[in-house]
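The values are calculated or read from the model by the stated rules, or taken from the named source; none is laboratory data. Quantities reported herein were computed from a predicted structural model and do not represent experimental measurements. Methodologically, a virtual Cβ is constructed for each residue, glycine included, from the backbone with ideal geometry; neighbour enumeration extends over all protein chains shown. When the accessible area is computed, the model is the full protein with side chains, heavy atoms only, and any ligands, DNA or RNA have been set aside. Shrake-Rupley method; radii C 1.70, N 1.55, O 1.52, S 1.80 Å.
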Amino acid sequence: MKKLFFTLLFTICMIGRMLADEGMWLPLLLGQQVYNDMVKKGLKLTKEQLYHINKPSLKDAIIIFGGGCTGEIVSSKGLIFTNHHCGYDAIASASSVEKNYLRDGFYAASLNEEIPTSLSVQFLVRIDDVTKEVLDSLKGLSGAERVQKQAAVLAAINKRLSKAEESIETRVSSLFKGNQFLAFVYQRYSDVRLVGTPPESVGKFGGDTDNWEWPRHTGDFSVFRVYTDAAGKPAKYSKDNIAYKPKWYLPVSLKPLKDGDFAMIWGYPGSTNRYESSYGIKLATDINNPTLVKLRDARLKYMFEEMKKDPAVKLQLASSYASIANYWKFFDGETKQLLKYDVYGQKQKAETVFTAWATTKPEYQTLFNDWAKAYDAWRPYAKHRVYMSEGIMGSPLIAFASSLMQLESVLVRNSAPADIQKAAAAADQARKAFLESSNKVSDEKILATVTRMFYEDVDKQQHPVTFYGTLKNQYGALDNDETYRRYAADVFAKTMIFDNTRWSAFIAKPDAVLLQGDPAFAHASTFVSNYNSKYGPLSQQFNAKNAEFGRLYLKGVMEMDTIKAKMMYPDATFTMRVSYGNVKSYQPRDAVKYDYVTTSRGLLEKYKAGDYEFDLPAQQVALLKKKDFGQYMDPTRKDLVIGFITTNDITGGNSGSPVLNNKGELIGLAFDGNYEALSHKLAFDKDLNRTICVDIRYVLWCIDKLGGATRLINELTLAK
Ligand code: ARG
């Protein structure tokens, strides 16, 4: 009895410790222990209210928004809240210089005025465990063979569980690095309309300066609606479609927040790698991250120069610029935090413990030795890989030209005329999209700059064989910017991609030699072929091994500590997760304490009239100065709360996620992580990690007081 008591006590303590706030839990597999811990922390909902296999539950209000965000249903008429930065591309696309919704904001006065977009949303229908089927088919396989077989098996399951007529799409997710496989069945709705957005000065207040940082004052929200056909089924856009009738929608709370309040976040975190090896950390901080940051620095500089000059260019490049800038700052911050907290050293320590345990286990004995060898073999080429994706392909012209290699291969294979025609038509279509988004001035500068950076930074042994020699002969010294400038100018002047007449002639009669002679195509093809023929295969080999060692390591970790294994959550894989924690202040560094909310006072302190990042609409400044907060005022602060922070474990993909109180009422939208914990993809910091949220009362204030869209407020269920 006594012994049992001790074991129990020990287990409880362990769980108490492990259950900090770390964890992105699968709602389907929410174990009783995790659920109990949520209740202990304050949750008032039953497990069935959160997630039920066939009855409506909270999970039915949570959607995949667009390509990589989360949204939530907030009314009985399919109204969606998500982040401004998630709606950004759709808002920019709906805008013109005359009707500049990105700059000025927009609220549809009625359903009729809601603007069609090219976005779709996906609802999770169910989750099937297919682990046994997958693992049985992979028995005895390793390396490239296993990678291929796994891809084939997953594709077959996806196909089997999908139904195009009903817009049912299935995607099997590999969890715990390939130790578990779950099939996520979704239903996609493709009529999604823009309902409202604040002006960019509100929705992106603080811009890239404040991005990934607390204290924050960004009104990062936008409003959409999902439509169905008259029968309530998914349908393409039609003016006859009707507003979606949800199974579940979230009530909205106007109640004040306190430090320590329970907070739960649902959504689609994209990726984490919490069991990354020390070798992976080192490669990231030594090579991968700094190379990406350096190349993005250059690209962003030239894009920004043009965006500042011309509102039309700003609209054209804004969305692409925002996403490049977002992860430019992320990876810079990640490197700094990984080094500051010595995550490399922490991982090494854990690996030493593992290796000691593994000495008697043949399956794991040589794991870390083999893993080190794989990294050593790949390391000399790692920079080249980043140069391809972030440098060579960093020029939009070259990225588009490289897509024409598809057409080239059809042509040189002497394919059937019908196949050639199909490939040519696809290329023609892709060119239209490219031209719409193309800004020649910045692109030409990017091409010149990255071509020189590649020359100087990538190991000369790995350069495309004759490229730089020819460049020198034709354009001059390779240590002179002028050489690259003149070369890039020639590529842009002479390519047929910008020349409608020559392009149309080519598409009418596609010819491989003509294509190969095009300077933009030749540039792309030279670098891509060089990489693909020599280094691509090494990269694939490395990835296959790295995945295999990663899977083995995680399997071993779970074997080594079976108590911990029961309480482990899988890395984020852009599948639905729930995380829970508290609204909470923190200490970012010695002697500094950060409050858990920001208010309109701070917004006005940051406000700088006419500034690119810190401007505000005049009407907003006036209303805030008058303290016209209406029912959205926080009674304790006597102010309008703008943002708040929680201890929840989230990552990119969770953007737009609902932050819920203990009753499942919406208190905010998650939109960012804090700078002090930017190492969060690789290591969760239990003291410093915070999720940055926009307070729902500020969202409603913007819609109501600033936007005058009371019809939207009337659609919501408000909890006071
Ligand atoms: N860092 C946030 C995210 O990844 C917001 C990004 C948008 N803002 C920006 N300034 N680029 O979700």
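Could you grab me the full set of residues in the stretch 464-500 that are in a loop (DSSP other than H, G, I, E, B), within 18 Å of L404 (Cβ to Cβ) and either open to solvent by 40 Å² or more (accessible area, probe 1.4 Å) or free of Cβ contacts under 8 Å to residues at least 40 places away in the same chain (or both)? D499, the sole residue that qualifies.
Counting only strands (runs of 3 or more DSSP E) wholly contained in the stretch 540-620, the ones carrying 2 or more residues that are more than 30 Å from G630 (Cβ to Cβ) and open to solvent by less than 20 Å² (accessible area, probe 1.4 Å) occupy 577-582, 586-589. Please tell me if K41 is free of Cβ contacts under 8 Å to residues at least 40 places away in the same chain, away from the ligand (no atom under 16 Å from the Cβ) and farther than 30 Å from F205 by Cβ. Spelling it out, it is not the case that K41 is free of Cβ contacts under 8 Å to residues at least 40 places away in the same chain, away from the ligand (no atom under 16 Å from the Cβ) and farther than 30 Å from F205 by Cβ. Please tell me if A312 is among the aliphatic types (A, V, I, L, M), within 13 Å of the ligand (Cβ to nearest atom) and part of a helix (DSSP H, G or I). For A312, the condition - among the aliphatic types (A, V, I, L, M), within 13 Å of the ligand (Cβ to nearest atom) and part of a helix (DSSP H, G or I) - is not met.
For the stretch 539-562, the set of residues classified as of a type in the set (D, E, K, R) and over 15 Å from L175 (Cβ atoms) consists of K545, E548, E559, D561, listed by residue number.
Among the residues making up the stretch 138-152, those that are within 16 Å of E548 (Cβ to Cβ) and in a helix (DSSP H, G or I) are L138, G143, A144, E145, R146, V147, Q148, K149, Q150, A151.
Condition check for F330 on (1) more than 16 Å from the ligand (Cβ to nearest atom); (2) touching a residue at least 60 places away in the same chain (Cβ under 8 Å); (3) crowded, with 20+ Cβ neighbours inside 10 Å: one failure, at (1). If only residues of the stretch 447-463 that are open to solvent by less than 20 Å² (accessible area, probe 1.4 Å) and in a helix (DSSP H, G or I) are counted, the one that is farthest from M393 (Cα to Cα) is Q462.
Applying the condition of being over 30 Å from N100 (Cβ atoms) and of a type in the set (S, T, N, Q) to the stretch 173-214 and asking which residue is nearest to the ligand (Cβ to nearest atom) yields S173. Tallying residues that are closer than 30 Å to G232 by Cα and either β-branched (V, I, T) or part of a helix (DSSP H, G or I) (or both) within the stretch 153-175 yields 12. Output yes when any residue across the stretch 336-346 is within 16 Å of the ligand (Cβ to nearest atom), open to solvent by less than 20 Å² (accessible area, probe 1.4 Å), in a helix (DSSP H, G or I) and under 30 Å from E98 (Cβ atoms), and no when none is. The answer is no; no qualifying residue exists. Applying the selection to the stretch 106-120, what residues are of a type outside the set (A, V, I, L, M, F, W, C) and more than 24 Å from the chain's Cα centre (by Cα)? Across the stretch 106-120, the qualifying residues are Y107, S110, N112, E113, E114. When Q620 is tested against (1) within 18 Å of G105 (Cα to Cα); (2) free of Cβ contacts under 8 Å to residues at least 40 places away in the same chain, only condition (2) is not met. Taking the stretch 695-720 as the range and being touching a helix residue (DSSP H, G or I) at 6+ places or on another chain (Cβ under 9 Å) and in a loop (DSSP other than H, G, I, E, B) as the test, the residues that pass are A709, L716, K720.
For N289, the criteria (1) of a type outside the set (K, R); (2) in contact with a Ser or Thr (Cβ under 6 Å, 6 or more places away or on another chain); (3) part of a helix (DSSP H, G or I); (4) surrounded by fewer than 20 Cβ atoms within 10 Å (Cβ to Cβ) hold in every case but one, which is (4).
A Cβ distance below 6 Å, combined with a sequence gap of six or more or placement on separate chains, defines the contacts here; from the stretch 204-223, residues that are surrounded by fewer than 20 Cβ atoms within 10 Å (Cβ to Cβ) reach residues that are hydrophobic (A, V, I, L, M, F, W, C) in the pairs D208/A325.
Comparison of G652, G664, G673, G643 shows that the only residue that is small (G, A, S), touching a residue at least 40 places away in the same chain (Cβ under 8 Å) and open to solvent by 20 Å² or more (accessible area, probe 1.4 Å) is G652.
Any idea how many residues of the stretch 358-380 are part of a helix (DSSP H, G or I) and open to solvent by less than 60 Å² (accessible area, probe 1.4 Å)? Adding up the residues that qualify gives 9.
For R160, the criteria (1) farther than 21 Å from G270 by Cβ; (2) within 15 Å of the ligand (Cβ to nearest atom); (3) not polar (S, T, N, Q) hold in every case but one, which is (2). Report, by residue number, each residue of the stretch 46-64 that is surrounded by fewer than 18 Cβ atoms within 10 Å (Cβ to Cβ) and not acidic (D, E). Within the stretch 46-64, T46, K47, Q49, H52, I53, N54, K55, P56 qualify.
Checked against (1) under 30 Å from I563 (Cα atoms); (2) within 16 Å of the ligand (Cβ to nearest atom), A92 passes all but a single condition, namely (1).
Identify all residues within the stretch 215-231 that are away from the ligand (no atom under 16 Å from the Cβ) and outside any loop (DSSP other than H, G, I, E, B); write none if there are none. Matches in the stretch 215-231: V223, F224, R225, V226, Y227, T228. Candidates D191, D259: the one that is more than 21 Å from the chain's Cα centre (by Cα), acidic (D, E) and buried (at least 22 other Cβ atoms within 10 Å of the Cβ) is D191.
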